[in-house]
Structure formats: C-alpha cells, structure tokens
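Participant: Here it is, the structure, as structure tokens.
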Amino acid sequence: MGLTRTGVALDSDLLKRFDRFLQQEGYDNRSEAIRDLIRDRLNEATLESGHGFVVGTVTLIYDHHFRLLSDKLTALQHQYHELIISTVHSHLDHDMCLEVVVVKGKLKRVQELASRLIGLKGVQHGKLVMSSPQAYTLGPIQYSESNLPRHHHSH
Ligand code: NI
C-alpha cells in the first residue's frame, strides 16, 4: 500500500498530551499511533452507521453448574447458527467456563445474539467486541452469510 505524507497542524499542548499518551501506550512511532487512531475511529464510524457486516467475538464467563445454563447457551447458538463461525470453550476450573463465540454477520443480528447470550441468567461476565472489515478498505467487500466460512457440527 502506498504511503502519502500529510502535515497536520496541532497546538503544542495537544501534541504534548498526545506524546505522553503514546508513551503510556508503548508506541515508539507517532505516525503509527496516528494511523491506529484513524483506523479505530473509522471502524467505529462504520459500526455506528449500522450497515454492512461485522466480525467479532462474544466472550462469556459462567459457572456451568448454573441451572440449565449450558443447555440455553447451546440452544441460542443453534438458533443463530448462521452467525457463528466457531466456538472455543475452556474449562477454567471445577466450576467456571470461558467461552468465546466467533461471529460474523449483520451488525444488528450480531448485537442481538450477543445480548441474548450475555443476558442469560448465570453468565457472570460477557463482552462483545466487533470489527468492521469494510473500514479498512476503499473498495466494497462483498460479504454475505453464504460465502463466509460455515460452522458444521453433528449435534
Ligand atoms: Ni467448561
């Protein structure tokens, strides 16, 4: 990808604060930090627009002994199976589970699935993280639920 130089006029106070922030964040390159901020904001703007496809993860922490919770989590994932690329389950200890559901699809549907999973009684922590692939390219990406990887399993 070609790089174009651009100059940005900043007041010195703002730049000082920015440089301090970069130090805290561990950046050693101001340009890379500015690129990251721009990408992050563009990503957010695309997400806010509510259009298009998103990819993401729903992270869930729960106690698998909680009444019917494992069944409900499985049932919900089957109900929204077209959004789910894969699920990683890790047994943290005797009681607690970590589950990460990798999702893709229309923003509203992904949010709906995530809030239903996270809202299940017994889920102690849940978080949806989304990224919008369209934010990183100039051309339109044609994502559809049919040409993205599908998740197949037997039960
Ligand atoms: Ni488990």
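Participant: Please sort 34-44, 64-74, 101-111 by packing, taking for each peptide the average over its residues of neighbouring beta carbons within 10 angstrom, highest first.
Facilitator: Numbers: 34-44: 12.9, 64-74: 14.5, 101-111: 19.5.
In decreasing order of mean packing, 34-44, 64-74, 101-111 become 101-111, 64-74, 34-44.
Participant: Taking R0 as 41 Å, what FRET efficiency do you get between H91 and S31 from their Cβ-Cβ distance, rounded to the nearest 0.05? Display every interim value, and only then the final one.
Facilitator: Values: r = 43 Å, r/R0 = 1.06.
Computed FRET efficiency for H91 and S31: 0.40.
Participant: Name the shape class, rounded, prolate or oblate, that the alpha-carbon gyration tensor gives for region 53-134, where a ≥ b ≥ c are the square roots of its eigenvalues, rounded holds for a/c under 1.5, and otherwise prolate holds if a/b is larger than b/c and oblate otherwise. Let's see the in-between values first.
Facilitator: Working: a/c = 2.15, a/b = 1.79, b/c = 1.20.
Taking the square roots of the gyration eigenvalues as a ≥ b ≥ c, region 53-134 is prolate.
Participant: Report the gain in length on full extension from S131 to R5: 0.36 nm times residue separation, minus Cα-Cα distance, nm rounded to one decimal.
Facilitator: Working: separation 126, 0.36 × 126 = 45.36 nm, distance 2.66 nm.
Result for the pair: 42.7 nm of gain on full extension.
Participant: Please compute the modelled spin-label separation between E44 and K106, points set 7 Å along Cα→Cβ, answer in nm with one decimal.
Facilitator: Result for the modelled spin labels: 2.6 nm.
Participant: I'd like to know how region 39-91 sits against the 2.2 N^0.38 Å rule of thumb: what's its Cα Rg over that expected value? Display every interim value, and only then the final one.
Facilitator: Working: Rg = 15.0 Å, N = 53, 2.2 N^0.38 = 9.9 Å.
For region 39-91, the normalised Cα radius of gyration comes out at 1.51.
Since every read-out is calculated from the coordinates, none of them should be taken as a lab result. As the structure is a prediction and not an experimental result, all values here were calculated from the model. Here the Cβ is made from the backbone with ideal geometry for all residues, glycine too, and neighbour counts use every protein chain on show.
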